[in-house]
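The structure appears below as C-alpha cells.
Read-outs: derived from the displayed coordinates by stated rules, not from any lab. Predicted model only: the values in this text are computed from it and were never measured. For neighbour counting, all protein chains shown are included, and Cβ atoms are generated from backbone atoms with ideal geometry for every residue, glycine included.
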Amino acid sequence: MSEGIDTEGKIECFCCGKELTNWAYDVTLRNGGRSFVSVHPMGGLHFETYGHYGSRIFDPMDGKGTKLDIAICDECIIEKVKRVHGTGFNHVREAALEENVEYKKEKDAEDAWLIEAIETQLKELDNND
Ligand SMILES: [Zn+2]
C-alpha cells in the first residue's frame with residue numbers, strides 16, 4: 001500500500017526530453033519493510049540499473065544499492081518498438097499497433113513491414129481463441 005504520494009514532481013524522458021509527471025512515494029513491502037519509490041513516470045516507463053560488469057561507465061558494486069533511474073515516455077518506446085526485448089514484448093507491440101499504426105506505416109517502410117507482420121500474428125492469435 002502507498003501513502004503520501006507526491007504527484008507534483010517532474011522527470012524528463014531520457015530519449016526526447018519530454019517532461020513527464022513523476023510520482024514519488026513510500027510503499028510497504030510484503031515482508032513489512034519500507035521502500036521509497038522516487039521514479040514512477042506517468043505516460044512512460046521507469047528503468048533502473050545497479051550497473052554491471054561490462055559497462056565502461058557504471059559498475060559501482062558498492063553494496064549500498066547505488067543505482068541509476070531512467071524514465072522513457074510511451075511515445076519513444078512505441079517509436080522504437082523493434083528494439084524492445086523481454087517477456088512483456090507482446091504487450092508493447094499490441095499497444096504500439098493500437099495507438100500508432102498509421103503513423104508507423106507512414107514513417108518508414110521497415111516499420112510498416114514490422115506492423116504488418118505483427119498484425120498478421122495478432123489476427124492468427126485472434127483466430128485461435
Ligand atoms: Zn520520449
For the range 57-71, take each phi angle, set θ = phi - 60°, evaluate the Karplus expression 6.51 cos²θ - 1.76 cosθ + 1.60, and give the result in whole Hz per residue in order, putting x for glycine and proline. 10, 8, 8, x, 6, 9, x, 10, x, 4, 8, 10, 10, 9, 10
Ordered by residue, what ³J(HN,Hα) values in Hz, to whole numbers, does the range 43-52 give under the Karplus form 6.51 cos²θ - 1.76 cosθ + 1.60, where θ = phi - 60° and Gly and Pro are x? x, x, 10, 10, 10, 10, 9, 9, x, 6
Rounded to the nearest 0.05, what FRET efficiency do Y50 and N90 give with R0 = 35 Å and r taken as the Cβ-Cβ distance? Could you check? 0.85
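Treat every Asp and Glu Cβ in the range 1-73 as -1 and every Lys and Arg Cβ as +1, leave all other atoms uncharged, and give the resulting dipole magnitude about the Cα centre to the nearest 20 debye. List each step's numbers first, then the result.
Numbers: 7 positive and 10 negative charges, 44 e Å.
With Lys and Arg at +1 and Asp and Glu at -1, about 220 debye.
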Spin-label model distance (nm) - R30 vs M61, 7 Å beyond Cα toward Cβ: 3.0 nm
For a quick check: with amide H placed at 1.01 Å from N, whose amide H comes under 5 Å from F14's, ignoring anything fewer than 5 positions away on the same chain? A71, I72, C73
Could you run the Karplus curve 6.51 cos²θ - 1.76 cosθ + 1.60 with θ = phi - 60° over the range 35-41 and give me ³J(HN,Hα) per residue in whole Hz, x for Gly and Pro? 9, 9, 9, 9, 10, 8, x
